[in-house]
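> I have a structure I would like to understand better, so I am pasting it below and will then ask my questions one at a time.
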Amino acid sequence: MTAMNIGYLLSRSAAAYPDHPAIVYGNSVLTYREFNDRVNRLVSALHQFGLEAGDRVAIFSPNRPEILEVLFAAWKAGLAAVPMNFRLHRDEVRYILNHSETKVLVYAGVYQDDIDRIAGDLTTIRAAVCLDDLRGDEQRNSFTILDYSRMLNRGEAVEWVAPVDGDDLAWLFYTSGTTGRPKGAMLTHRILLLASLNACADVYPFGHDDIALHAAPLTHGSGLYALPLIAKGGTNVILDAPRFDPETVFASIEKHRVTVLPFMAPTMVKRLIESEALTRYDWRSLRCIVYGGAPMYVEDLTAGIKAFGKIFAQVYGQGECPMTITGLSREEHDLNRPERLASAGTARMGVQVGIQDADGRMLPAGEVGEIVARSDLVMKGYWRNPEATAETIVNGWLRTGDVGYMDEHGYLYILDRTKDMIISGGNNIYPREVEEVLLRHPAVQEVCVFGVPDPEWGEAVKAVVVVRPGYTVTEEELIGHCREHLASYKKPKSVDFVEELPKNAYGKVLKRELRAKYWEGHTRMI
């Protein structure tokens, strides 16, 4: 069934607000007309690679305007985008590119060495496009490397929006995998449109006069929240900074009169609250700070409300139901209702949320079980992984892997996880990935990895290791070993050594028992 291509959101705003600023990056400003013209040139250039409808275009870069250009060009061309976390290790990048069968890769020049090192292993790439200047087109094995500006010049600024079905793939969102390999959640054009509409209805009423500051990665939540803003013809300010810095954020808010921070991890909010820059810059233009991606401590949220006022909006979701399961509105961030501040809010518009026991039976208010969701916003499934899809979507319900309960008013409280996932600074990390890397070290006989409380990052990666007889190894050596094979944020922050791991009668490691002592005195285990 034919549906609206999500790329049309840009075409519409370019027609309605051609001279309004669309993207601000450093001293550079793109109007909606200029933004759309560049996207149309990219569409034309992508067609020259002989791509077919639904083919994948991957993006590997820190925040910069070209990420939004590539996203919209892929969609308008009838292709699917594969945005990748810029902090991934090259081995993880190689796996995602091959698993997604990506045809065109767009990457930042800072990763040229990584791309060179994996080039011989890339099986489906036809072209790799460097966002920074090269000396000219280069041939690498079976594909061409060219620079972004040359690719733009090859295209024509002719308006084009490919016809799509609502269930056509638009965004392949790779999440960390329980088996040690990432899984690609398939988000369709219809899902992205519904998520954008829901954001305007339930989170913040994005408007033409809004100016959003993107401090979190555009390849994840912040990019999703750029969609409703672009749909309304608002302005996207993209931080020209290599890492999150409160001083830079406050300076940008004052300079650009920013009205909304569209997506912030709790650790980012905490750093803003604790920064001395809070008192040195004028941030009163702010109307909303959207936060999510990990639980936030009530003490930090209380401090944030006292500092900024009732401008916070919480979102709870996951890549499989993008940013859209429950939410706590700005009005509900009420210091007179502290118990509500510990919740993840109520079900979002168009989403049904429930609590199930281990047998899939729905539980009444107050009883603890797995959080499940049912909605047209739930992913189509996992790319090339029907087994994982069948385990995650059961009888129409998305199994989130989170444990919690709902009170009699429908407020959701998240207590723990059924999946062994760690969320550190808003990044999802599965222990299995880390454990497999540690087990490659010759001194490691057994290992158990889990999350422990961390005052800055929410959770930190902890490894508990049994050393092989006759070997010696230090904490620093094992952390360094992980750094060589994993994205830096996934490596353990600390390593404890034990003589043996606790196990049940069947030899299974009792991870929950091992983990529990680190969470003593905490009201929740995440």
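> Identify all lysines with a Cα-Cα distance to K491 below 25 Å; exclude those on the same chain that are fewer than 8 residues away in sequence.
Leaving aside lysines fewer than 8 places away in the same chain, those within reach of K491 are K183, K270, K419, K462, K503, K508, K511, K517.
> Here's something else I'd like to know. For R90, what accessible surface area do you get with a 1.4 Å probe? Give it in Å², rounded to 10.
Solvent-accessible area, nearest 10 Å²: 60 Å².
> Give the separation of the Cα centroids, region 464-484 to region 242-271, in Å.
First find each Cα centre; the distance between them is then 37 Å.
> Now, a different point. What spacing in nm lies between the two simple spin-label points modelled at V298 and E391, each 7 Å away from Cα in the Cβ direction?
3.5 nm
> Can you tell me the Rg and the Dmax, both Å, for the Cα atoms in region 225-275?
Expressed in Å, the Cα Rg and Dmax of region 225-275 come to 11.6, 34.
> Report the extension gain between A15 and N336 in nm, rounded to one decimal, defined as 0.36 nm multiplied by the number of residues separating them, less their alpha carbon distance.
Separation in residues times 0.36 nm, less the Cα-Cα distance, equals 111.0 nm.
> Can you quote the Å³ per residue value for the convex hull of the Cα atoms in region 202-324, rounded to an integer?
99 Å³
> Over the residues of region 326-411, compute the C-alpha Rg and express it relative to 2.2 N^0.38 Å.
Against the empirical 2.2 N^0.38 Å value, I get 1.21 for region 326-411.
> If I take all pairs of Cα atoms in region 73-175, what percentage of them are more than 19 Å from each other?
Percentage above 19 Å: 47.
> Placing unit charges on C-beta atoms (Lys and Arg positive, Asp and Glu negative, everything else neutral), compute the dipole magnitude of region 344-485 about its Cα centre in debye, rounded to 20.
Rounded to the nearest 20 debye, it is 480 debye.
> Just to make sure I understand: if all protein chains stay in place, what is the order of K232, K306, K183, K380 by accessible area at 1.4 Å, largest first?
From most accessible down to least: K306, K380, K232, K183.
> Which of rounded, prolate, oblate describes region 1-93, given a ≥ b ≥ c as roots of the alpha-carbon gyration tensor eigenvalues and a/c under 1.5 marking rounded, otherwise prolate only if a/b is larger than b/c?
Cα axes put region 1-93 in the oblate bin.
> Counting only protein chains, not ligands or nucleic acids, how are H481, H208 ordered by accessible area (probe 1.4 Å), most first?
Solvent-accessible surface, decreasing: H208, H481.
> Also, I was wondering about something else. Which value in deg cm²/dmol, rounded to the nearest 500, describes the helix-derived mean residue ellipticity at 222 nm for the chain, given -39,500 (n - 2.57) per DSSP H run of n ≥ 4 and division by the residue count?
Rounded to the nearest 500, the figure is -8000 deg cm²/dmol.
> Rounded to the nearest angstrom and ordered from largest down, what semi-axes does the equivalent ellipsoid of the chain get from its C-alpha gyration tensor (root of 5λ)?
35, 29, 23
> Ranked from the most accessible area to the least, with a 1.4 Å probe and all protein chains present, what is the order of E435, E254?
Descending accessible area places them as E254, E435.
> Students often forget the sequence filter, so: which aspartates and glutamates lie under 13 Å Cα-Cα from K490 once same-chain residues fewer than 8 apart are removed?
Hits, sequence-local ones excluded: E92, E433, E435, E436, E459.
> Here's another thing I want to ask about it. Give the accessible surface of the chain per residue, rounded to a whole number of Å², with probe radius 1.4 Å and ligands, DNA and RNA excluded.
41 Å²
> State log₁₀ I(q)/I(0) for region 33-86 at q = 0.16 Å⁻¹ as given by the Debye formula over alpha-carbon point scatterers of equal weight, solvent excluded.
-0.43
> Taking every DSSP beta bridge that has both residues in the chain, what percent is antiparallel when rounded to the nearest 5?
60 percent
> Over region 58-207, calculate the relative contact order: mean separation of alpha carbon pairs under 8 Å at least 6 apart, over the residue count, as a percent.
After rounding, I find 21 percent.
> Could you tell me what percent of the accessible area of the chain is made up of carbon and sulfur, with a 1.4 Å probe and every protein chain present?
Carbon plus sulfur share of accessible area: 49 percent.
> Pick out the long, greasy-scoring helices in the chain: whole DSSP H runs spanning 18 Å or more along their own axis by Cα, mean Kyte-Doolittle at least -1.0.
The qualifying helices are 32-47.
> Using only the Cα atoms, what convex hull volume per residue in Å³ does region 441-526 have?
In region 441-526, the Cα hull volume divided by residue count equals 112 Å³.
> Might you work out the accessible area of H99 for me, using a 1.4 Å probe with all protein chains in place, and round it to the nearest 10 Å²?
30 Å²
The values are calculated or read from the model by the stated rules, or taken from the named source; none is laboratory data. Note that the coordinates shown come from a computational prediction; the quantities given were computed from them, not determined experimentally. Glycine also receives a Cβ, built like all others from the backbone with ideal geometry; neighbour counts cover every protein chain displayed. Surface accessibility is based on the protein's heavy atoms, side chains included, excluding ligands, DNA and RNA. Shrake-Rupley method; radii C 1.70, N 1.55, O 1.52, S 1.80 Å.
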